[in-house]
Structures are given as C-alpha cells and as structure tokens.
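For reference, the structure is listed below as structure tokens.
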Amino acid sequence: MLRAAGVPSPRADAENLVAHLLGVERTRLGLVPMVEPALLEGYRKMVEQRAKRIPLQYITGLSPMGEIDVEVGPGVFVPRPETELLLAWALAFLECRHAPVVLDLCTGSGALALAIAHARPDAEVHAVELDPLALDWARRNAERQEYAGDTPITLHAGDATDPLLLPDLDGRIELLVANPPYVPDGTELDREVAEHDPPAALFGGPDGLDVIRLLVPNVHRWLALSGAAGVEHDDSHGAQVAELLVHHGGFVDVVEHVDLGGRPRFVVAHRTLG
Ligand SMILES: C[S@@+](CC[C@H](N)C(=O)[O-])C[C@H]1O[C@@H](n2cnc3c(N)ncnc32)[C@H](O)[C@@H]1O
C-alpha cells in the first residue's frame, strides 16, 4: 500500500510504524513473536495514514535528535536527519568549554536546543522561535525534557532577524546554531513536506536566503569573542552562505561543511577577536 501511494521509503516506514506500535527498536522486530489482532488493526490505520502521505513522525508523534526524541505534529517542522550533522559539530565544539552559553535560532520543536541541553547539562541554552504554534511544541518538549531530568532551557518568542531582539545576550553566546527557513520560494517538494511542514518553516524568499541574510548581523551581535556559529542551509547554498558571512567582515574561519554524500549542509563561522 505504501509503495503504491508513492511513499519514498515504503519498507523502512512500514517497519518503523510496527516497531513504534510494539514499542521495540526496528532492528529487533524479527525477535517479536505473535501479535494480537487488535494491534494489527492499529497498524492498518497507521499505514493508511502514511499512504495519505502524512509524515511518519506525525503518525508516531516523535522525531529523534541526538540522544533524545521530540514530540511533533501539525504546526511544527519535523526535524531532519541532516540536522544531526550540525548537532554533532556543535557538541564537538563545546567539548573543551565549561558551562557554555548556547543560542538556537529558529528552534521549531526545540530539537537542537534540547538535544544540546541533554548532552551538556552544564550549558545555559536559549532558543528563539517566531511561530506561536511551533513555540507551543517547543514548550511541550522543553517541559518533557525537564521532567526527564535535563537542565531547563529558556525559550524566547521572537523574530530572530529583529536587530533589537534579546540585547541581554549580546556578546554572551559561545555557540550559536540555526536551522532557518531556506528553501527558495516555488520549489517543488514531496507531499509530506508541502502539505504538512509549516510554510514559514520552509521558505526563505525568492533565492531562499532572505532569513539567513538578515540573521548574519544578529549572529555577530550575539556571539562572544571566542564564539562560533553553525548555520544550516539548502544544499545549493553553501558558497552563498559562506560569502554572506565573509562579506559581513566580523567573522573568521568561515568553513563549509558537507554530508557523507558531499552535499553542502551547514557553514561554520567564528567571531573575529576585534
Ligand atoms: C527549518 S525549521 C527548523 C526547526 C528546528 N530548528 C529543526 O531543526 O528541526 C525553521 C523554524 O524557524 C522558524 N522561523 C522562521 N522564521 C523565523 C524568524 N524570523 N525568527 C524565528 N523563527 C523563525 C519557523 O517557524 C520554524 O519553526
């Protein structure tokens, strides 16, 4: 049914759904003996939803990031596996820093901020989100992680491009991460994305760079002198995002990072000392 519906990875999704229902890892499905007929009925309903191209993570209600899962559903962007690369860089950057101050711009579900707070209980983590619906999901996830024992994060409602936002954080941020909207307007997308991810989470103007362009001066303003920022971008934008940061003049060591397939995924920049 999933294959016929054009779902991009039908077998993996079918297995992930049944694993979710059984409460086991997908890799351990072969060890599960007989299942109850009632469970099969639940499974059938989930497969029907997926065949309607509802995102897998909206059906299971969960999406992983680092060592945690965040809750997702209508109104919030589903965190993507490629963002794990930005998270891995961020955690490596923090390795030799004690009690760092961290800022996650365009936090959506809170995935990056909460995964960092989970990995680094000593960090003071702030996160900014503009969309009230997404912020509700971030709040819910922040409460969930706090209840599970993680250090609480601070969520800020606001426009990350606003030059007057969060002046108290000016010059204090040692690590800044951002996964902003960066898809060029009019890009054709899979149904799961086009019909379910909020447009404000996806589109970044005619060339996809509208939000990133306006973020650059704020990134500089918030970074501490020893701080660095990692900004995720469209895989066609590596050179342009690096150029925006270099052109600003307040960053050094601007480096493009690629994924295992060689696709540019995020750019890292350090604040100049001057
Ligand atoms: C691509 S999603 C990323 C969400 C999350 N960081 C992740 O990786 O899963 C971009 C998010 O930025 C938010 N956003 C868009 N423009 C914004 C702005 N100017 N200021 C703050 N948040 C913004 C959207 O609502 C959306 O939640």
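Bear in mind that the values in this text are calculations on the coordinates, not laboratory data. Just so it is clear, the model here is predicted, and its values are computed rather than measured. For neighbour counting, all protein chains shown are included, and Cβ atoms are generated from backbone atoms with ideal geometry for every residue, glycine included.
Quick one: is residue 188 without any contact (Cβ under 8 Å) to a residue 12 or more places away in the chain and out of contact with any Gly (no Cβ under 8 Å at 6 or more places or on another chain)? Yes; evaluated as a whole, the condition is true for this residue.
Out of the residues in segment 240-269 that are assigned to a strand (DSSP E or B) and over 21 Å from the mean Cα position of the chain (by Cα), state the one that is surrounded by the fewest Cβ atoms within 10 Å (Cβ to Cβ). By that ranking, first place goes to 253. Would you pick out the residues in segment 86-97 that are over 18 Å from residue 150 (Cβ atoms) and outside any loop (DSSP other than H, G, I, E, B)? The answer is 86, 88, 89, 92, 93.
The residues of segment 180-239 that are within 23 Å of residue 7 (Cα to Cα) and part of a helix (DSSP H, G or I), listed by number, are 191, 192, 193, 194, 195, 196, 199, 201, 202. Taking segment 185-220, which residues are under 30 Å from residue 272 (Cβ atoms), more than 12 Å from the ligand (Cβ to nearest atom) and surrounded by fewer than 17 Cβ atoms within 10 Å (Cβ to Cβ)? 207, 217 - these are the residues of segment 185-220 that are under 30 Å from residue 272 (Cβ atoms), more than 12 Å from the ligand (Cβ to nearest atom) and surrounded by fewer than 17 Cβ atoms within 10 Å (Cβ to Cβ).
The set of residues in segment 60-74 being out of contact with any Asp or Glu (no Cβ under 8 Å at 6 or more places or on another chain) and loosely packed, with under 15 Cβ neighbours inside 10 Å consists of 64, 67, 74. In summary, residue 239 fulfils each of the numbered conditions (1) closer than 19 Å to residue 160 by Cα; (2) touching a residue at least 12 places away in the same chain (Cβ under 8 Å) with the single exception of condition (1). Mind listing just one residue for me: the one in segment 46-59 that is within 16 Å of the ligand (Cβ to nearest atom) and part of a helix (DSSP H, G or I) and, of those, surrounded by the most Cβ atoms within 10 Å (Cβ to Cβ)? Among those that are within 16 Å of the ligand (Cβ to nearest atom) and part of a helix (DSSP H, G or I), it is 57. You will find that of 77, 93, the residue that is more than 12 Å from the ligand (Cβ to nearest atom) and surrounded by 14 or more Cβ atoms within 10 Å (Cβ to Cβ) is 93 and no other. Looking across 166, 176, one residue alone is in contact (Cβ under 8 Å) with a residue 40 or more places away in the chain and more than 20 Å from the chain's Cα centre (by Cα). It is 166.
Just the residues that are in contact with a strand residue (DSSP E or B) (Cβ under 8 Å, 6 or more places away or on another chain) and under 13 Å from residue 113 (Cα atoms), please, taken from segment 83-93. Can you show your working first?
First, the residues of segment 83-93 that are in contact with a strand residue (DSSP E or B) (Cβ under 8 Å, 6 or more places away or on another chain): 83-87, 89-90, 93.
Within segment 83-93, 83, 84, 86, 87, 90 qualify.
Would you call residue 21 free of Cβ contacts under 8 Å to residues at least 60 places away in the same chain and not small (Gly, Ala, Ser)? Break it down into steps so the answer makes sense when it comes.
On the way: free of Cβ contacts under 8 Å to residues at least 60 places away in the same chain: yes; not small (Gly, Ala, Ser): yes.
Yes: the conditions hold for residue 21.
Whether a residue is assigned to a helix (DSSP H, G or I) and either closer than 11 Å to residue 21 by Cα or hydrophobic (A, V, I, L, M, F, W, C) (or both) was assessed, and residue 43 passes this test. Can you find a residue in segment 134-154 that is crowded, with 24+ Cβ neighbours inside 10 Å, β-branched (Val, Ile, Thr) and in contact with a His (Cβ under 6 Å, 6 or more places away or on another chain)? Taking every residue of segment 134-154 in turn, none turns out to be crowded, with 24+ Cβ neighbours inside 10 Å, β-branched (Val, Ile, Thr) and in contact with a His (Cβ under 6 Å, 6 or more places away or on another chain).
If only residues of segment 223-236 that are under 17 Å from residue 161 (Cβ atoms) and away from the ligand (no atom under 13 Å from the Cβ) are counted, the one that is surrounded by the fewest Cβ atoms within 10 Å (Cβ to Cβ) is 223.
Each row is one residue, and each column tells you yes or no for (1) near the ligand (Cβ under 9 Å from one of its atoms); (2) within 30 Å of residue 262 (Cα to Cα); (3) outside any strand (DSSP E or B).
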| residue | (1), (2), (3) |
| --- | --- |
| 73 | no, no, yes |
| 84 | no, yes, yes |
| 99 | no, no, yes |
| 104 | yes, yes, no |
| 117 | no, yes, yes |
| 121 | no, no, yes |
| 133 | yes, no, yes |
| 137 | yes, no, yes |
| 145 | no, no, yes |
